[in-house]
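Report on the following structure.
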Amino acid sequence: MKIKFLPSILLFGALAVAVPLTGGEGTGNPFAQAKFVPDISLILDSSFVIRDLEDPWFSDLFLPGFSHAGPGVRALELDEANVGKGFNLNYAELSLASVVDPYFDLFAVFHLSPEGFEIEEAYFSTRRLPAGLQIKGGKFLSQFGRINGQHSHYWDFGSPPLVQSAFFGGGGLAELGLRLSWVAPLNIFLQFAVEILQGHNEMSFGHQGFDAGGISIATVDGPGLVVATVKSSFDLGNLTVLAGISSASGKSRWPADLENDNGASAFAGTAAVFGADITFKYLFDSIRYLSLQTEVMGRTSRGDRYGLEVVNGWSVCEQRSRQEGFYSQAVARLNKRLRFGARLDLIWKNDLSFAGMTQALPKNLMRYTAMGEWNPTEFSRLRLQYTYDRSRYEESGGIWRQRPVHELTLQVNITIGAHGAHAF
C-alpha cells in the first residue's frame, strides 16, 4: 500500500513546492508573476469653465514680449488652448513605477489628451551609488525651482504660475538628458545637482535651425542646456523651511514663420533663466497646516533677430531681453477634507531691445487667483478656482490693449491605482 501511494505523495510534494504560499512575507515564490508587475495608476482631470470672453477671442490674447519673435506668448503656448468654456477633458495621466533590481528604479508618466499621446516622463534612477550620489537619465521634469518638478495634479492651483508658464510653457521644463545629484552628509538636507539636457524647450531655448536671407543657422545637435540647482530643507519646531536657487543656461533658437510673407522673424542666440524659491510650512498637527510659498524668476537672452519685410527683405539686428517676475501663494488645510488658498502673480520687468533701441512693452503684468477644494478621500478632489487675469493683451490695428479676463473653474481630479508619494 505504501508503494502504491508513493507517486501521489511525490506529486503532492512537488505541487506544494511549486505553488507559492499566501500566509507569510518570505514564503512566496520569488519568481511569481505578481512580483514583476509595476505600480500602475491613472489620473483623470476634467473641468467646467465659465469665462467672460468667448474662446476665439481668448485664444488670440497674448502675454506681450515673452516670445523670441512676434508680439508675445499666446494661449496656445501657455498650454491653455484646450481649456475652453464649458466642459473640458484636460488630461488623463497614466504612470508606471517599479524597482528594477537592487541598482535601478524605473518610472514613466504618459500624458493622454483629446489631441494626442505624449511621454511626459520616462527615466531611470540609481539606488545604490556611494557617497550620497544619484544619477537620473531619460526624459524628466527638471528640478529647476520649486514647482517645475511637480506634476500638474499635485499643484495647489489648477494652473501654473504666470512667470513659470511664460518662461517654460504650460508643460514646464521637461527634457531629455542626465541628472547627477549629491546630498551632503549633514544634519540638514542639502542637495547639489547638475542636469545636462537637450534644450528643446521653445519658450526660452529651442534647437531648430533655419535659413534667413542666405544665412543658415544650424540646428543645435546634442545637449544645449545646463541646469544647476542647490536645495535645502530644515525644521524649526513645527515649522519646516524649504529653499533653493536654480539656473538654466543654453543655446536659444526660434525658427522663422516662412508662411508669413511680411513680419516673419527668427532668433538665434543664448538664454539664461535664474530662480530662487522659499517655502514655509507650519504644521499645527498631523493634518492641519499653513503653507507660504514664493518663487522669483528672471530671464535674459541675447542674440541675432532676423526679420522679413516686403520691401527690404531679410534684415538682422541684435536683440536683447530681460524679464523678471514672481508668484507668492498661501494655502491652508483646515481638516482632512478642506483646503483654501490664494496666489498673486506679477511680472514687473519686461525689457526688450532691437539694435540698441528699447521697446515700450507693458510691465507689471498681474494675475490674482483664489481656490477652495474638497477632498472626499485621498483619491479624489473637487476644486473651485477664480482667476482675475490682468496680464493679457489684444492687438487691433497695430495697437495693443489690455484685456482683463475673469474666469471661474470647477475642476475634478480622480485617481485609481498605486501612485507613489510626492516630494514634501
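The values are calculated or read from the model by the stated rules, or taken from the named source; none is laboratory data. These numbers come from a predicted model, not from an experiment. Glycine also receives a Cβ, built like all others from the backbone with ideal geometry; neighbour counts cover every protein chain displayed.
Sort through Ser152, Ser125 and tell me the only one that's modelled with pLDDT under 95 and either among the β-branched types (Val, Ile, Thr) or surrounded by 15 or more Cβ atoms within 10 Å (Cβ to Cβ) (or both).
Unique residue meeting the criteria: Ser152.
Restricting attention to strands (runs of 3 or more DSSP E) lying wholly within region 345-424, give those where 3 or more residues are at pLDDT 95 or above.
It comes to 365-377, 380-389, 405-417.
Assuming Lys336 fulfils every condition listed in (1) basic (Lys, Arg); (2) surrounded by 14 or more Cβ atoms within 10 Å (Cβ to Cβ); (3) not in a strand (DSSP E or B) apart from one, which condition is it?
(2)
What number of residues within region 100-122 are of a type outside the set (A, V, I, L, M, F, W, C) and either in a strand (DSSP E or B) or surrounded by 15 or more Cβ atoms within 10 Å (Cβ to Cβ) (or both)?
Matching residues across region 100-122 total 7.
Being without any contact (Cβ under 8 Å) to a residue 40 or more places away in the chain, in contact with a strand residue (DSSP E or B) (Cβ under 7 Å, 6 or more places away or on another chain) and closer than 21 Å to Arg333 by Cα is the filter here, so list the residues in region 286-301 that pass it.
Answer for region 286-301, where residues must be without any contact (Cβ under 8 Å) to a residue 40 or more places away in the chain, in contact with a strand residue (DSSP E or B) (Cβ under 7 Å, 6 or more places away or on another chain) and closer than 21 Å to Arg333 by Cα: Leu292, Thr294.
Within region 185-212, work out how many residues are among the hydrophobic types (A, V, I, L, M, F, W, C), assigned to a loop (DSSP other than H, G, I, E, B) and surrounded by 13 or more Cβ atoms within 10 Å (Cβ to Cβ).
The total comes to 2.
Within region 218-240, how many residues are without any contact (Cβ under 8 Å) to a residue 60 or more places away in the chain and either in a strand (DSSP E or B) or buried (at least 17 other Cβ atoms within 10 Å of the Cβ) (or both)?
12
Out of (1) at negative phi; (2) surrounded by 18 or more Cβ atoms within 10 Å (Cβ to Cβ), what's the single condition that is false for Ile215?
Every condition holds for Ile215 apart from (2).
Please go through region 346-373 and pick out each residue that is over 25 Å from Arg401 (Cα atoms) and either in contact (Cβ under 8 Å) with a residue 40 or more places away in the chain or touching a Ser or Thr at 6+ places or on another chain (Cβ under 9 Å) (or both).
Selection gives Ala370, Met371.
Give region 320-333 a look and list any residue that's among the hydroxyl-bearing types (Ser, Thr, Tyr), under 30 Å from Ala268 (Cα atoms) and either out of contact with any helix residue (DSSP H, G or I) (no Cβ under 8 Å at 6 or more places or on another chain) or not in a strand (DSSP E or B) (or both), or say none.
Across region 320-333, the qualifying residue is only Ser321.
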